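Report on the structure given below.
Every number here is computed from the coordinates shown, using simple stated rules; none is lab data. Since this is a predicted model, take the numbers as computed values, not measurements. Here the Cβ is made from the backbone with ideal geometry for all residues, glycine too, and neighbour counts use every protein chain on show.
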Amino acid sequence: MINKKIVSSIFGIILIIVLSSCNSQSVDNRAKESETDIFAMDTYMSLKAYGENSEKVLQKTSDKIKDLDEMLSVINEKSEIFKLNNANGEQIKISSDTALLINRSIEINKDTNGAFDITLYPITKEWGFTTGNYKVPTQARIDELLKYVGSENIILDNDNNLVSLNNHANIDLGGIAKGYAGRCAADIIKSEGITSAILNMGGNVQTIGAKPDGNNWKIGIQDPNDSSDIVGIVEVADKAVITSGGYERYFEDENGNIYRHIIDPKTGYPAETDIISVTVIGSDGMTCDALSTSLFVMGIEKSVEYIGTKHDYDVIIVSSDNKIYITSGIAEKFTVSSKFSEYTLNTI
């Protein structure tokens, strides 16, 4: 009997600290504030923008996010991904959004030596992480499904936006889609002349510009062991802040073994890692989203080596041995909470 013990927060892993909101004393009084909440991509999202036409802009932004949700869902029979997964290897026409996401996913798969892989879907489904029907697969079943994993099974005709899947492969863009939705939302908001906005998208935060008063947004990074507390606060402007951790979603079997939802593509099992949570900060939310999962799978040593070559991105990593690793580019803008003050802080 599986104990379906799931951990998730309504607004995701990253908490927007009260200080990131703009009160009457800190906001430029000329900045009209608009806010809307939506449910998309299996999470609640809170979108806030400042400006005379901010309400109209947020409606346009919400529509785009919902469109992407319908387009990229693995369970919606009308979605492009569902149709692709059920096309029995035949080519299907896809949108430019889906083509971009698949292409970028393949690039990151190669760049991370397979740590990020959208063809893992059959295995995550077998574990029940996409359906809620949790179980521990047999080794034989995992070995069978691993035969279908690999980006080489994705055949793209980029000139005509056509794609097919070989070798019974299926894909799921859930590890990159929210980051891309944040990027698209930011592009829409900026194109409409809004210079200050913040989007909390269930574990993903996308900031547009700075706060209306010119100060940085203050984003709290959730304590991986306590959803009501934080590791610390990072100050950012015009950046995405995206966190992944094994505590997001998990189940416990009858023997008390815990299985977490981030799967290692090489083994087909939940990643055995010395990382508890990893936050990636950068201008491109799509890449931040994929890298947060990739680094979690890699572990500390490989993550530190990898991120040293990615100067456009910063990270905050909480390890299982009471250490915090942070890149030098963000170190001066990160304040550790008192609860984590005894953790060793390592600048990388």
query: Which order results if ARG183, ARG141 are arranged by neighbouring Cβ count within 10 Å, fewest first?
result: ARG141, ARG183
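Determine the percent antiparallel among the DSSP beta bridges restricted to region 217-348, to the nearest 5.
Bridges in region 217-348 are about 90 percent antiparallel.
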field: Inter-site label distance for LYS56 and ASP143 at 7 Å from Cα along Cβ, in nm
entry: 6.3 nm
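Ranked by Cβ crowding within 10 angstrom, fewest neighbours first, how are TYR313, TYR250 ordered? Walk me through the intermediate numbers first.
On the way: TYR313 22, TYR250 19.
If I rank by nearby Cβ atoms, fewest first, I get TYR250, TYR313.
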- line: Given the candidates TRP127, THR98, VAL163, the one whose Cα lies deepest towards the positive end of the charge dipole of region 75-165, counting +1 at each Lys or Arg C-beta and -1 at each Asp or Glu C-beta, is TRP127
message: Strictly greater than 18 Å: what percent of every Cα pair in region 174-256 meets that?
response: 50 percent
message: Over the Cα atoms of region 209-348, what radius of gyration and what Dmax do you get, in Å?
response: 15.2, 53
- prompt: Quick one: if you stick a label point 7 Å off each Cα along the C-beta vector at ASN161 and SER328, how many nm between them?
  reply: 4.4 nm
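Listing VAL205, VAL236, VAL297 from the residue with the fewest other Cβ atoms within 10 Å to the one with the most, what is the order?
Working: VAL205 32, VAL236 22, VAL297 26.
Neighbour counts put them in this order, fewest first: VAL236, VAL297, VAL205.
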field: Helix-only CD estimate at 222 nm, as mean residue ellipticity for the chain, using -39500 (n - 2.57) per DSSP H run (n ≥ 4)
entry: -8500 deg cm²/dmol
task: Kindly provide the Kirkwood hydrodynamic radius of region 75-165 in Å, to one decimal, from all pairs of distinct alpha carbon atoms.
output: 14.2 Å
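Can you give the Rg/Rh ratio of region 111-230, where Rg is from the C-alpha atoms and Rh is the Kirkwood radius? Mind showing how you got there, number by number?
On the way: Rg = 19.5 Å, Rh = 17.9 Å.
Rg divided by Rh gives 1.09.
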statement: For the chain (alpha-carbon point model, no solvent) the Debye-based log₁₀ I(q)/I(0) at q = 0.07, 0.14 Å⁻¹ works out to -0.29, -1.17
